[in-house]
Structure formats: C-alpha cells, structure tokens
Amino acid sequence: MKLSVSGRAAAAAVVAATTLLATGSLAGAAPATPAVAAAPDLPVANVKAHLSQLQSIATANGGNRAHGRTGYRASLDYVKAKLDAAGFTTTIQQFTSSSRTGYNLIADWPGGDTTRVLMAGSHLDSVTAGPGINDNGSGSAAVLETALAVSRAGLQPTRHLRFAWWGAEELGMVGSRYYVNNLSSANRSRISAYLNFDMIGSPNPGYFVYDDDPTIEQTFKTYFSGLGVPTEIETEGDGRSDHAPFKNVGIPVGGLFSGADYVKTSAQAAKWGGTAGQPFDRCYHSSCDTIANLNDTALDRNADALAYAVWTLSS
Ligand code: DTR
Ligand code: ZN
Ligand code: ZN
C-alpha cells in the first residue's frame, strides 16, 4: 500500500532533522543536511513474510519462540541469515538468564560515523504461551525489513546504523540490559539514540508514540501527521520494554506501540477505528498471538514510520 508523506510533513521533517542535529539530544552531529533522502515505503508483504517464517518456526518448535527454547534460537538464525546475505556485520551476544542461554543479535551497517551511532531494535523472544507474532514478531520483522531496505538502497547515512534483536525481554528486558551494561563507557557515549519497536501490529490498534526524547517523538509525529493519522503519547510503557536500559544511562530513546491488554476507549475508536471496550490486543501473552493476530494497516504504517525515522535521524 503506497502511503505518501505530504510535502508539508516532508518539509517539517527537514526542520525536525535540522533541529535534531542542532539540539543536545543528538549533539555533535554533522552540519544540517539540506534534505533528507526519501525513506522507502516498506512492502508490508515483506514484513508479513518474515512473520510467516516466525510463525512456522514457533509451530516447529513446541509452539513458541521463548528465551532458552529452541524456537528462539531458530528465530535468531533466520534473522541473522537475512542480514548476513544483505551485507551486514552481525554479532551474536550470549548471556545466561534463569539458567538458560540467551542471545542478542546485533547488526552493523558498514560505514557512517561510528562515533555517532543510531540504533533501532526490538525483542525477538515470545512468552512460552504462544508464538508471539504481535509481541514481538511485529517489531522484529519491521526492524529486519528496514535493515534490508537500507541494504537495497545502498544507504550511506552520516551516522553509523546498528540494528538489534534482543533476547529475554519477557523476563525483564534481560538481553537489552545485558547489552547496555556491557558497553564500555566510550561505546555507550557513541550511541546517539535508540529506537524501540515492541508490539506494532495489534489487531485492534492504537497509534502510540513514546514521549521520551522530544526530537525523536516529533520525527514520528511528523510522519503520522503526513498520513493524517492522529497519535497519542505512550504513557504506560515507561520501563516496560527494551528502551528502558538505554534511557536509564541517558541515551535518547523513542519508539512506537500499537497497544497490548489495555482497553480501547470510545474516543480512541472514534479516531482510529476498531472496537471500543475491547483490548488493543486480546491475545497479549496468549497462545492466540499467531499470524492471524495482526492488523496489516497498523503493521504497514508503523513499519514505514520506522523506516522514515531511521532515514531521517541518521542523515
Ligand atoms: N512489556 C511489553 C509490552 C508492553 C506493555 N506496555 C508497553 C509499552 C511500550 C512498549 C511495550 C509495552 C511486552 O510484553 O513485551
Ligand atoms: Zn510481551
Ligand atoms: Zn513485547
């Protein structure tokens, strides 16, 4: 589905990007670039193809992709193979949690200023109850497809791009905390921002933007205003996903969320559609969080917003 960003929004994006480069949140940036290379419209069919693979992996591995189970490592191997074939430098970071081995997958896109790194990430693990397609195959597939789009475009951003798929988020952001805690102070200071995507295809979707770093928040809001889609601030997520370890050490963070087990209000249904009085995702942490548990429009819009933010904030 071709979703265009209006000229007004694109102009605002240039302002946002320029503001970003001038503000403290991403200080030390290169001189403001006069324009932002146009971010791609990610084919939602590609995102869904990754999700179908993750569904098949869960089905073949006891019905889940949870930390310490075979389905998690099989999920990581799928993502890694795509990235290796696309020219990324991939690293598997191993850790232990609850007496089981966990893994983070880190993918660096060669080039860019490695003293100013833009990261985008998502947790790849599910709960043990089910395949975790919305939570969080949706975020993982969108981050993967954005990385593959960077490769297809041969993007040469000013900033160095790094993508991450975290293990054991469902146990308390274990993988992302392990990554941040094991960064040297020098490498920690080189991360200029971290963007998090956890549940972005909820079947009864809301459009929530994290309100942590104002410049990142504005970048996402500019994108959605270009689509004519209203957004709300994500208020109940503080500390509840993989952006928290980054925020806790002072790294600017942002992200998108389409809702979990909270109930959609009438006012929200009036602006977003869907069903008032029902959860955004009635299959949250349940066995029914399968490939059928998605809203393709929300997945499409959020994946495109992810790509737009990566293009804009790395320029
Ligand atoms: N903790 C996440 C789901 C979640 C709940 N609230 C938020 C807010 C922002 C991002 C994610 C979430 C999980 O179950 O993986
Ligand atoms: Zn979860
Ligand atoms: Zn999640």
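Just so it is clear, none of the values below were taken in a lab; they were calculated from the coordinates. Only a predicted model underlies this, so the values are computations on that prediction, with no experimental measurement involved. As a convention, Cβ positions derive from the backbone with ideal geometry for all residues, glycine included, and neighbour counts pool all protein chains shown.
What translational D, rounded to a whole number of µm²/s, comes out for the chain from Stokes-Einstein when the hydrodynamic radius is the Kirkwood one over Cα pairs, at 10 °C and 1.306 mPa s?
Estimated via Stokes-Einstein, D reaches 83 µm²/s.
Here the calculated FRET efficiency for SER99 and ALA38, from their Cβ-Cβ distance with R0 = 45 Å, stands at 0.40, rounded to the nearest 0.05. A Gaussian network model of the chain, with springs between Cα atoms under 10 Å, assigns the largest mean-square fluctuation among ALA81, ALA66, ALA305 to ALA81.
Of the residues ILE92, ILE216, ILE133, the one that moves most in a GNM of the chain with alpha-carbon contacts below 10 Å is ILE92.
Relative to its residue count, segment 33-93 spans a Cα convex hull of 126 Å³ per residue. Normalised by the number of residues in the chain, the average gap of Cα pairs under 8 Å and 6 or more apart makes the relative contact order 24 percent. What is the Cα centroid distance between segment 188-214 and segment 94-125, reported in whole angstrom? Segment 188-214 and segment 94-125 have Cα centres separated by 16 Å.
Of all DSSP beta bridges in segment 110-265, what percent run antiparallel (nearest 5)?
10 percent
Both radii are taken from the alpha-carbon atoms of segment 178-261; with Rh as the Kirkwood radius, Rg/Rh is 1.01. For segment 219-277, the pair-distance distribution built from all alpha carbon pairs, in bins 10 Å wide starting at 0, is 18, 43, 31, 8 percent. Between GLN278 and ILE92, the distance separating the two model label sites (each 7 Å from Cα on the Cα→Cβ line) works out to 4.0 nm. Computed with the Debye formula from one identical point scatterer per Cα of segment 137-193, without solvent, the log10 of I(q)/I(0) at q = 0.20, 0.27 Å⁻¹ comes to -0.94, -1.12. Determine the shape class of segment 258-315: with a ≥ b ≥ c the square roots of the Cα gyration tensor eigenvalues, call it rounded for a/c under 1.5, and otherwise prolate if a/b is greater than b/c, oblate otherwise. Verdict is oblate for segment 258-315. If r is the Cβ-Cβ distance from ALA267 to CYS288 and R0 is 25 Å, what FRET efficiency results, to the nearest 0.05? Rounded to the nearest 0.05, the efficiency is 0.40. Within the listed set LEU299, LEU51, LEU171, the residue fluctuating most in the Gaussian network model of the chain (springs between alpha-carbon atoms under 10 angstrom) is LEU171.
For q values of 0.19 Å⁻¹, compute log₁₀ I(q)/I(0) with the Debye formula on a Cα-only model of segment 67-223, without solvent. Log-scaled intensity ratios, in q order: -1.33. Legend: residue pairs LYS221/LYS271; LYS82/LYS247; LYS247/LYS271; LYS48/LYS247; LYS80/LYS247, Cα-Cα distance threshold 23 Å; pairs beyond threshold, LYS82/LYS247; LYS247/LYS271; LYS48/LYS247; LYS80/LYS247. Spin-label model, ASP238/ASP84: points 7 Å from Cα along the beta carbon direction are separated by 4.3 nm. Peptides 221-231, 189-199 ranked from most to least packed give 189-199, 221-231, packing being the mean of other C-beta atoms within 10 angstrom over each peptide's residues.
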